[in-house]
Amino acid sequence: MNVAEAYEHCESLTRAAAANFYYGILLLPRDKRRATCAVYAFARRIDDIGDGRFDPREKLELLDAAARAIEDFSTASVDPVIVALADAHLRFSLPIDALEDLIAGVRMDVTGATYQSFEDLLGYCRRVAGSIGRLCLAIFGARELERARALADDLGVAMQLTNILRDLREDSANGRMYIPREDLVRYHLSTDGRFEGEEGQMDALVRFQARRAGEWFDQGLELVPLLDKRSGGCVLAMANIYRRVLARIEADPEAARQVRVSLPIWEKAWVATRSLLTAAAG
């Protein structure tokens, strides 16, 4: 498979699967858009392994295979995702350690990691989501690069904290617990994943976690002025879509536990357009 076909595959996959990211990615120039889609396609593959119906041993073997694939990138591969990712690496020097972090984070899911404290959870978030922020930053470029890397990582944490709140019901059904145990104890809730306790206590916990995520967004969005206008618009679009999801969860935690919160297509498109204009004006 040639490189152009590989990128087309990744863009098609991203368009179909990246419900909240694609509207921001569309704001990028072609070369950056294609590379970002390659990163997303690889991240989607790793995430799908973690969420798949394989047994844990098979999942770990698949993750090991993914790790080997990024040890020696080759555009001669027959795998379109690896072909595109290899070309993106050649063009933008993608940080291999960030790809390794992503795989390591999903390994934590497979092995059933739990989190006693927020600091414990923070390490997981930086692996599965901060890593994506650092990969995207390599594609975007930035002023004050070291500071920008830290802020990109922080923004990834904010998005992952939002994902955790959005997916509480699904994760609980699958036996996964991402809320730190210290927070469950603080709000007098069961620590075994069933979220047993008074309804008001659960609502209070969700609102607390939402405020925490909001603080990480405030911090991470200091990245935008360090980027060019179109990259800044992309980041703003992604972040603002997530913040709208977060606001809906915080406003009605009970409803958010019953139905997975999402935005309609028209609202995502509107947020993306407005974000690009905001970045251009800034």
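Tell me, yes or no, whether the stretch 260-267 has at least one residue that is within 17 Å of the chain's Cα centre (by Cα) and farther than 19 Å from Thr14 by Cβ.
Scanning the stretch 260-267, I find at least one residue that is within 17 Å of the chain's Cα centre (by Cα) and farther than 19 Å from Thr14 by Cβ, so the answer is yes.
Out of all the residues in the stretch 224-232, is one or more within 21 Å of Leu151 (Cβ to Cβ) and among the hydroxyl-bearing types (Ser, Thr, Tyr)?
Yes.
From the list Ala280, Ala239, Ala256, which residue is in contact with a Gly (Cβ under 8 Å, 6 or more places away or on another chain) and at pLDDT below 90?
So the residue among Ala280, Ala239, Ala256 that is in contact with a Gly (Cβ under 8 Å, 6 or more places away or on another chain) and at pLDDT below 90 is Ala280.
Do you know which residues across the stretch 230-264 are buried (at least 17 other Cβ atoms within 10 Å of the Cβ) and assigned to a loop (DSSP other than H, G, I, E, B)?
Val261, Leu263
If you go through the stretch 268-280 one residue at a time, how many are within 21 Å of the chain's Cα centre (by Cα) and surrounded by 18 or more Cβ atoms within 10 Å (Cβ to Cβ)?
Total meeting the criteria: 5.
Among the candidates Leu135, Leu102, Leu85, Leu145, single out the residue that is over 23 Å from Gly52 (Cβ atoms) and either touching a residue at least 12 places away in the same chain (Cβ under 8 Å) or surrounded by fewer than 22 Cβ atoms within 10 Å (Cβ to Cβ) (or both).
Checking each option against the conditions leaves just Leu145.
From the list Leu60, Leu90, which residue is out of contact with any Asp or Glu (no Cβ under 8 Å at 6 or more places or on another chain) and surrounded by 15 or more Cβ atoms within 10 Å (Cβ to Cβ)?
Sole residue among the options that is out of contact with any Asp or Glu (no Cβ under 8 Å at 6 or more places or on another chain) and surrounded by 15 or more Cβ atoms within 10 Å (Cβ to Cβ): Leu60.
Name every residue in the stretch 105-132 that is more than 16 Å from Asp153 (Cβ to Cβ), touching a residue at least 12 places away in the same chain (Cβ under 8 Å) and among the aliphatic types (A, V, I, L, M), in order of residue number.
Scanning the stretch 105-132 gives Val106, Met108, Val110.
Tell me which residues, restricted to the stretch 244-281, are closer than 19 Å to Gly156 by Cβ and without any contact (Cβ under 8 Å) to a residue 40 or more places away in the chain.
Arg244
Okay, residues lined up against (1) closer than 30 Å to Leu27 by Cβ; (2) among the acidic types (Asp, Glu); (3) in contact with a Gly (Cβ under 7 Å, 6 or more places away or on another chain):
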| position | (1), (2), (3) |
| --- | --- |
| Ile96 | yes, no, no |
| Leu99 | yes, no, no |
| Ser117 | no, no, no |
| Gly156 | yes, no, yes |
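Just give me the residues in the stretch 200-223 being more than 17 Å from the chain's Cα centre (by Cα) and under 29 Å from Arg30 (Cα atoms), in sequence order.
Glu222
Kindly evaluate Gly52 against the criterion of being buried (at least 18 other Cβ atoms within 10 Å of the Cβ) and of a type in the set (Gly, Ala, Ser).
In short, no.
Within the stretch 135-154, is there a residue that is within 16 Å of Asp47 (Cα to Cα) and among the β-branched types (Val, Ile, Thr)?
no
Just checking, which of Ser12, Ser74 is of a type in the set (Ser, Thr, Tyr), surrounded by fewer than 15 Cβ atoms within 10 Å (Cβ to Cβ) and at pLDDT below 90?
Residue meeting the stated conditions: Ser74.
Working only within the stretch 142-157, note down all residues that are among the small types (Gly, Ala, Ser) and within 9 Å of the chain's Cα centre (by Cα).
Gly156
The values are calculated or read from the model by the stated rules, or taken from the named source; none is laboratory data. Everything quoted here is computed from the prediction, not taken from an experiment. All Cβ positions, even for glycine, are placed from backbone atoms using ideal geometry, and neighbour counts span all protein chains on display.
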